[in-house]
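Taking it in order: structure first as structure tokens, then the write-up.
The values are calculated or read from the model by the stated rules, or taken from the named source; none is laboratory data. From a predicted model like this one, the values you see are computed outputs, not experimental measurements. Heads up, the Cβs are rebuilt from the backbone with ideal geometry, glycines too, and the neighbour counts pull from every protein chain shown.
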Amino acid sequence: MKTNFDPILHGYKFSNRFGKNLPNFMMKMILRDSVYGLCGGMVFSALDNFLNKSVLNQATRAADLEPEFIKFLWKRQFDSMSIKNYLFLTKKTFQNDQKLQHDTFNHEIPVVLETINKGIPAAIIIIRSKNIENPTDNHQILLTDYIINGPVTEFTCYDPNHPSKTTILRICMKFGEESISQSTGEFVRGFFVNKYQLKLPIEKRIEQIRLVENQTN
């Protein structure tokens, strides 16, 4: 089953690395060697543009983004990681691997399939950390398509860490061989579906502001 979201066409061309603006500089100071990205902001805003049929920002480097656009990505990042989400993520990281995998298979995957069947990509939060390990190791991506082959389901993904690429999240539910893996080789313990709410893309917001300004002048 496919949505019309193409990770190469509808995903950002710049990577999820932001170091030259004040909020990210402060986060880097707090988290030291950790790289704090805006994967949630990128996933939510890319989906905003797709569903609004708006042209996505075509910058190829995060350093070339306008400050207003960075602020918008931060806003969508906060939207994607509410306090409720942080608490739920913390709870999930303290689950043992078997319980987390069981919940992913039985509760989260059916929601993803239902969402994609409606033609809408599913935003998920990948859980990589365990207990008190670095929370920035966790990640957000967009699942756009799926193919089911017996006990194996493969999801096509838009991953902000891998711009201009199509990646795969592979789920194997065969007894004794249960696993979740990414084609990028990154570790996955489990995931849960994020609650996405459609917002107007920043480009259309700017258009509305300019329209109002022109009408008042």
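Key figures
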item: From the options LYS130, LYS92, LYS99, LYS118, residue that is of a type outside the set (Phe, Trp, Tyr) and within 18 Å of the chain's Cα centre (by Cα); result: LYS92
item: Residue match in the stretch 39-55 (condition: surrounded by 20 or more Cβ atoms within 10 Å (Cβ to Cβ), within 16 Å of LYS204 (Cβ to Cβ), in contact with a strand residue (DSSP E or B) (Cβ under 8 Å, 6 or more places away or on another chain) and of a type in the set (Gly, Ala, Ser)); result: yes
item: Of the criteria (1) in a helix (DSSP H, G or I); (2) more than 18 Å from the chain's Cα centre (by Cα), which one PHE78 fails; result: (2)
item: Evaluation of GLN95 against (1) assigned to a helix (DSSP H, G or I); (2) at pLDDT 95 or above; (3) surrounded by 13 or more Cβ atoms within 10 Å (Cβ to Cβ) (one fails), failing number; result: (1)
item: Failed item, numbered, when PHE105 is tested on (1) on the phi < 0 side of the Ramachandran plot; (2) surrounded by 13 or more Cβ atoms within 10 Å (Cβ to Cβ); (3) within 17 Å of the chain's Cα centre (by Cα); (4) touching a residue at least 60 places away in the same chain (Cβ under 8 Å); result: (3)
item: Residues being over 17 Å from GLY190 (Cβ atoms) and part of a loop (DSSP other than H, G, I, E, B) - total across the stretch 152-161; result: 2
item: Search result, residues across the stretch 130-146 that are in contact (Cβ under 8 Å) with a residue 40 or more places away in the chain and either of a type in the set (S, T, N, Q) or assigned to a strand (DSSP E or B) (or both); result: ASN134, THR136, ASN138, HIS139, GLN140, ILE141, LEU142, THR144, ASP145, TYR146
item: Top-ranked residue of the stretch 136-187 - restricted to ones that are of a type in the set (A, V, I, L, M, F, W, C) and crowded, with 21+ Cβ neighbours inside 10 Å, ranked as farthest from MET81 (Cα to Cα); result: ILE171
item: So SER164, is it polar (S, T, N, Q), in contact with a Lys or Arg (Cβ under 6 Å, 6 or more places away or on another chain) and in a loop (DSSP other than H, G, I, E, B); result: yes
item: Check on VAL112, among the β-branched types (Val, Ile, Thr), surrounded by fewer than 17 Cβ atoms within 10 Å (Cβ to Cβ) and either under 17 Å from the mean Cα position of the chain (by Cα) or not in a helix (DSSP H, G or I) (or both); result: no
